[in-house]
Every structure is written in structure tokens, then in C-alpha cells.
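Derivation of every value follows stated rules applied to the coordinates shown; laboratory data play no part. If you're wondering where the values come from, they're calculated on a predicted model, not measured in any experiment. Because the Cβ atoms are built from the backbone with ideal geometry, glycine has one as well, and the counts that use them run over all protein chains shown.
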Amino acid sequence: MLVLDREKDILKRIKKGDNEAFGELYDFYAPKIYRFIRLRVNSQETAQDLASEAFLKTWQYLQEQRKIRERFQALLYKIVRNLIIDFYRAKSVREILIEDNFEEFSDLEDGETSDKIVILKDEIEEVKRAMLQIIPAYQDIVIWYYIDELSISEISEILDKNEGTIRVLIHRATKAIRRVMEV
Amino acid sequence: MKDAVNKIRQLKTIQPNPYWFKNQRNILLQQISQISGKKSRFSWNNLPGFIFSPSVLKPVMVSAMVLFLVFGSGFVTVLAAKNSLPGDLLYPVKIAVEDIKIRISSSEAKPQLQADSICNRAQELSQIVNSTGDPIQTKENVVQTVDKLQVQVNNTRASLSSIKQTEPQKAVETMNAISDKITESEKALTEAQAKLAEGLKGQEPTKAGDEVTAKIEAAVKDTAVLASELKEAKSGIEVQMEVKNTQPELEIFNEASISFEDINK
């Protein structure tokens, strides 16, 4: 968590015009942000475009603000959420993810048998289909809490809601996805 | 049966494409410096630093070198180097001239020159595998050429992605323009790969042989991916053109069906 420890310092460097400092934040957050978007849209290309846009918008926002009150992560996720909302609004129809071809499993360990990979892929597809059947607000919660492993306070900062509300949301989102997956 | 939460946690394995991840970082920092560069105000105090900064000095020096090579005493050398092959004395001159041309070109022209470079490497590769020279030297030349080709394939993709971000329409036009060249190169590469495999057939497997086979295989794959991306973009344009062309006919048809409905009323 080195980047997180140095975040204030990095943000100061960005304000002073050090672009490489923004690159450090990109290195740390881009994989998470990409994954978050990828789980909400149905193509790799769209996820890449939205992730690129999110980072550029976040940098522009940082330049415009005199003082940054929130943590970078919360700011980035807020911008990403708005971009996804705009994306679906523009498309007017909710995308169907069933036809999606997931090719991005670079974390699968070397030496894993092809059978195991096929099973994993099937399970991932199953989760993706289940995610589609719950409301977008719950999808966000599931990704942040179980996949990105954000704390309740971090999620509350992104959503501007108190921690009690977030606990309730996690409980409901978990219940919703379990219900869909266990059918 | 695994618990739902455990299954959800498996989604952590989803990672961005490493090439996109790295390339996007460069594009992002480039965009940021462009935007912040536009915002910064001019100051006379910054002038010497600006003139001698690498971003200004480098293109100036490169242009001067090209002018020297093209109009100076190097002109004859450049011409002579044009048909040289890897391993030839003048081959580095040919590569340097290509490289300089790409470096000083505009962002729109860059992918076209890079595609030319891919074409040249593919042709050179065909000539190398069809020649009857020293087998060790031939393998070295193949590896060298394939490496250069792959660098250009990656650079072309990066240049296209860079234009795509700023000028999507121009990116599509450029993709359309270079599509055939990349398809031709892919074909030449596949032929060279087959020829090479044929040559290695009777021989004992060696480390050098395996390296050559793996390298050319990777290059064929990368070029094929680029070619199919470009083909897709090209067919997209054709569909758009067709839609445009059929639009007036559709309008006539729509008008006709409205009047037909009016009659029925």
C-alpha cells in the first residue's frame, strides 16, 4: 500500500505539474478501475475507453480544484460511476452481457490445467450473468466489497452515505446476488 | 458447490490487457502534458530552456540529419541502401532513414510510415528465407528482422490508438488506408514462416532454430491480429457508406408507404 501512504504527497506533486506523479496513481488504480468498468459493460473496448476517459477526467478535476477534500480513490470511483451512467444513458438500452467473451484472466496461475481454466471461466460467466440480474447499485457494492475489498468507510466515502447505510446495502446486495446464483 | 461469495471473488482474475495498460499510461501522460502545455503562459525567462529542451532540440537535430542525408553527401548512400538486406553494410542506413522519417512525421502520417516499415521488413524476411546463405547468419538475420517488424507492429497500434483518442474519424481513415499493406505483410510473413519450417524439417532441433520458429510465430500472430483489427475497421466504413447510399432509397420507400397508408384510410 505504498502509493496509498504517499497519496497526499503525490497529489501535491500533481498540483505542482508533476505528470509522472499522476502516472504512479494510474499504475496503482488502473487495473482495479478497468476491472470495475469491465464488470459493468459488455466489451473490452468499451471498458478500455471508459477507463482512459476516467483517468483524464480525474486529472482535469484535480487541476480545477484548489483543495482536494476526498481521497483519490473515492474521487476516481465517483467519476467512473458517472461515466458508466452516461454510457448507458447514451445507449438507452441496458447491455446484455451473456454474449460477452471474457479473455482477460491474466491472474490465473501458470500450470493451471485447461480443465480448471474452463471451469473457472464457466463460474465467472455464471457470476457475470447473476450480476446482470441485480440492480446496478448492488452490482457496485458487490464489486467494491468482495472483489476490490474496499472497507465500509471507503465505500461510504464514494457513495457519500453513512457507514450504517453501507452495511445495509452490503447485506441486501449479497442477499440479492446469492438468490440469483442459487436459483 | 462453491459458495456464491467465493465465486464472486474469482472475478479478481480479470485484468486489463498488459499492452493496453502500458500504452494507455503513455497516452494519458502525453495528453496531460499537451493540456498542461497549452495552459502554461509564455515567459521570456523560459525561452532558453524551451529552445534547448529535448522536445524542441531533438526534432530540430533529426530534421537537420535528414536534410544532410537527403541533400548532402549521404544522398547516394541512402539510394544505395534502399535495396539492402539485413547483414549488408548499408542496411543500418536504410533503417536509420526509415526511423528518422517516422520520428519527424505528423501523428496522422506516422501509422502509414510504420505500415510501410512493416511491409519492408516482411519483404526482407521473404528474401532472407529464400536466399541460400550461411544458415547461422540467416537465422540471425531472421531474428533481427522479425524483432524490428514486431516493434513496428506495436508502434503502429500505439500510433493508431493515440489518434483514435484525439481524432477518431482520422484514425478510421488511416486504418482503412493501411489495412491492405498489413494484410499483404501478414501473407508474406506466413509464407516466410512456412519456408523456414520446411528448411528446418530435416535438421536436428537446436536452441537457435527454436528461437527463430518462436519469434516468427509470435510475429505472424501479432501481425494477423493487427490485420484483422484493420479489416474490421475497413468493413465498418464500407457498411457506413452502404447505409449512406441506401438512405435516399429508404426515404423514398418511407414516403411511398405513408402515401399508401393515406390511400387506405
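Couplings 3J(HN,Hα) of the stretch B:119-136, computed from phi: 4, 4, 5, 5, 5, 4, 4, 4, 5, 5, 5, 8, 7, 10, x, 4, x, 5 Hz, in residue order, whole Hz [Karplus 6.51 cos²θ - 1.76 cosθ + 1.60, θ = phi - 60°; x for Gly and Pro]. Look at the Cα gyration tensor of the stretch A:1-91: its axes a ≥ b ≥ c give a/c of at least 1.5 with a/b over b/c, and that counts as prolate.
One Cα centroid belongs to the stretch B:94-122, the other to the stretch A:135-173; the line between them spans 50 Å.
Once C-alpha pairs closer than 8 Å and six or more residues apart are averaged by separation and normalised to the residue number of the stretch B:115-187, the relative contact order reads 46 percent. Residue exposure proxy: B:93, B:153, B:5, ordered by other Cβ atoms within 10 angstrom of their Cβ from fewest to most, comes out as B:5, B:93, B:153. For the stretch B:101-225, the average shadow cast by the Cα convex hull is 7.6 nm², which is a quarter of the hull's surface.
Using +1 at the Cβ of each Lys and Arg and -1 at the Cβ of each Asp and Glu in the stretch A:14-91, identify which of A:47, A:74, A:19 lies farthest towards the dipole's positive end. Comparing the listed Cα positions along the dipole, A:74 ranks first. Computed from phi, the 3J(HN,Hα) profile of the stretch B:214-228 under the Karplus parametrisation 6.51, -1.76, 1.60 (θ = phi - 60°) reads 5, 5, 5, 5, 5, 5, 4, 4, 4, 5, 5, 5, 4, 4, 6 Hz, with x in place of Gly and Pro.
Sorting B:191, A:45 from the fewest to the most surrounding beta carbons within 10 angstrom yields A:45, B:191. Fewest neighbouring Cβ atoms within 10 Å first, the residues B:90, B:149, A:76, A:132 line up as B:90, A:132, A:76, B:149.
From the square roots a ≥ b ≥ c of the eigenvalues of the alpha-carbon gyration tensor of the stretch A:36-79, which class results: rounded (a/c under 1.5), prolate (a/b over b/c), or oblate? Oblate, because a/c is 1.5 or more while a/b does not exceed b/c. Both radii were evaluated on the Cα set of the stretch B:73-145; the Rg over Rh quotient, with Rh as the Kirkwood radius, amounts to 1.02.
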